[in-house]
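The structure under discussion appears below in the form of structure tokens.
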Amino acid sequence: MSILRVLKKYPVTFWVGNTMELFERWAWYGFYIVFALYLTNSTDTGALGFSQTQKGWIMGIGTGFLYLLPILTGALSDRIGYRKTLYIAYSIYTLVFLIMPIFKTFVPVFIIFLMLATGAALFKPIVAATVAKTTDEETSSIGFGIFYMVVNIGAFIGPFVTGYFRKFSWDYVFYSSAVVIAFNFVLLTFLYKEPVQKNNKISLSFNEQISLIFGNIRKALSDWRFSLFLLIIAGFWTMFNQFYMTLPVFIDQWVNTGVVYDFLNKYWPWLAHNLGTDKGTIPAEYLMNTDAGCIILFQILISWIVMRYKPLNAMMGGIIINAIGLGLSLATQNGIYVFFALVIFSIGEMSSSPKITEYIGRIAPSDKTALYMGCSYIPVAIGYFLAGVV
């Protein structure tokens, strides 16, 4: 079957769900990629002036919480319905983005970020489940490929938008994300339809469902090889998440991005003028967006290259390349070198990240695939927490 015929088979809800994912990732990454700068930059610039340690606790614990909570929110959305859960998620998202600039001290900012993480955790399982329920064996591969592409398009657009508003005020960063996420209310109200459940009858209570979930997780983690694998992957995510927690601050405070500006100004003046500051530099979030841009352009090519390798080999190679790229990006104060280091970083990410999920699917017993997949968020959560500590 041709790709065009496959695309015609997707229902409206599939495309609406992916569009909501695009706007949510736009809002999230537009804010999150500069969040470390907002927390630690000088109060003279409108930022909070927190220490790097305080930044690590907020981003590490808060984002780790975000990736653990879907264990509960997924079960909740199955009970009350996807539409109701999305209304709650978008309401929390919009409210928190609007009021976040009000809070200036450590504890209130910590609490408000946990609230934002709760909204994100309510949203997170639903679009992936929507894609799963609106595709079949014939259309799921391309369907999830579209989903992954949409995620990165949103992650690419967001930093450019908030980077523009950051020139005027930090408050506008949060307000712009609030406007973007609020647009999903329109899509949800008028276009999104509840996906058809294969079995709408839920015989277990919510508490029984949660007990069953945690009982199944304990069973999966009793497989010591699988637990060891998750521990290793937690180490990978600890390294990877320095991209968000350490690199923005390093670029902002230590890297000479003026050389990037000068290069662009010589060969592409229009781009230099629109990306650069009045000081002749490139903001950290724009330079870091190299990663998302490379994924949009080259993910299919990289996936085609690594598909001939066993998942474990491709994953190990990708993790090594990813670590080299991040290490090189932190090893020099030259913005040009940082750019090429981030290209290397993105190649490692494209090689390893999708293969982690594929590997878990392959090593899982045939009757426990979904269970093992559900545990894949555990090392992500641990990785965020440890990344914050580091």
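The values are calculated or read from the model by the stated rules, or taken from the named source; none is laboratory data. Since this is a predicted model, take the numbers as computed values, not measurements. Please note: Cβ atoms are built from the backbone with ideal geometry, for glycine as well, and neighbour counts cover all protein chains shown. These area figures cover heavy atoms from the full protein model, side chains too; ligands, DNA and RNA do not enter into them. Shrake-Rupley method; radii C 1.70, N 1.55, O 1.52, S 1.80 Å.
Quick rundown of the values:
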quantity: Within the range 150-169, tally of residues that are closer than 16 Å to residue 284 by Cα and not in a loop (DSSP other than H, G, I, E, B); calculated: 12
quantity: Yes/no for residue 41 being of a type in the set (S, T, N, Q) and under 18 Å from residue 285 (Cβ atoms); calculated: yes
quantity: Answer from 226, 214 - the residue that is modelled with pLDDT under 95, open to solvent by less than 20 Å² (accessible area, probe 1.4 Å) and of a type outside the set (Val, Ile, Thr); calculated: 226
quantity: Unique match (being in contact (Cβ under 8 Å) with a residue 12 or more places away in the chain, touching a Pro at 6+ places or on another chain (Cβ under 7 Å) and buried (at least 21 other Cβ atoms within 10 Å of the Cβ)) among 289, 322; calculated: 289
quantity: In the range 78-97, residue modelled with the lowest pLDDT [restricted to those that are assigned to a helix (DSSP H, G or I), closer than 19 Å to residue 133 by Cα and over 20 Å from the mean Cα position of the chain (by Cα)]; calculated: 78
quantity: Selection within the range 125-145 - outside any loop (DSSP other than H, G, I, E, B), within 24 Å of residue 90 (Cβ to Cβ) and open to solvent by 20 Å² or more (accessible area, probe 1.4 Å); calculated: 125, 128, 129, 132, 133, 144
quantity: Flag for residue 309 being touching a Gly at 6+ places or on another chain (Cβ under 8 Å), at pLDDT 90 or above and not β-branched (Val, Ile, Thr); calculated: no
quantity: Residue 303 hydroxyl-bearing (Ser, Thr, Tyr), touching a residue at least 40 places away in the same chain (Cβ under 8 Å), open to solvent by 30 Å² or more (accessible area, probe 1.4 Å) and under 21 Å from residue 153 (Cα atoms); calculated: yes
quantity: Flag for residue 282 being open to solvent by less than 100 Å² (accessible area, probe 1.4 Å), within 22 Å of residue 336 (Cα to Cα), at pLDDT 90 or above and not in a helix (DSSP H, G or I); calculated: yes
quantity: Test set (1) open to solvent by 10 Å² or more (accessible area, probe 1.4 Å); (2) more than 19 Å from residue 252 (Cβ to Cβ) - residue 315 fails condition number; calculated: (1)
quantity: Top-ranked residue of the range 365-385 - restricted to ones that are buried (at least 19 other Cβ atoms within 10 Å of the Cβ) and among the hydrophobic types (A, V, I, L, M, F, W, C), ranked as modelled with the lowest pLDDT; calculated: 375
quantity: Among (1) of a type outside the set (A, V, I, L, M, F, W, C); (2) crowded, with 19+ Cβ neighbours inside 10 Å; (3) over 21 Å from the mean Cα position of the chain (by Cα), the one test that residue 152 misses; calculated: (3)
quantity: Odd one out for residue 244, checked against (1) buried (at least 21 other Cβ atoms within 10 Å of the Cβ); (2) touching a residue at least 60 places away in the same chain (Cβ under 8 Å); (3) not aliphatic (A, V, I, L, M); calculated: (1)
quantity: Matching residues, the range 184-211, being in a helix (DSSP H, G or I), open to solvent by less than 90 Å² (accessible area, probe 1.4 Å) and at pLDDT 90 or above; calculated: 184, 185, 186, 187, 188, 189
quantity: Matching entry among 30, 46 (being open to solvent by 10 Å² or more (accessible area, probe 1.4 Å), among the small types (Gly, Ala, Ser) and closer than 25 Å to residue 105 by Cβ); calculated: 46
quantity: Some residue of the range 258-268 being within 23 Å of the chain's Cα centre (by Cα), in a helix (DSSP H, G or I) and either of a type in the set (D, E, K, R) or surrounded by 17 or more Cβ atoms within 10 Å (Cβ to Cβ) (or both); calculated: no
quantity: Flag if residue 92 is under 19 Å from residue 67 (Cβ atoms), open to solvent by 10 Å² or more (accessible area, probe 1.4 Å), touching a Leu at 6+ places or on another chain (Cβ under 8 Å) and of a type outside the set (Ser, Thr, Tyr); calculated: yes
quantity: Cross-chain or 6+ apart pairs with Cβ under 8 Å, the range 253-281 first and touching a residue at least 12 places away in the same chain (Cβ under 8 Å), then of a type in the set (Lys, Arg) and surrounded by 16 or more Cβ atoms within 10 Å (Cβ to Cβ); calculated: none
quantity: Candidate set from the range 34-73 (those that are assigned to a helix (DSSP H, G or I) and small (Gly, Ala, Ser)); member that is farthest from residue 103 (Cα to Cα); calculated: 64
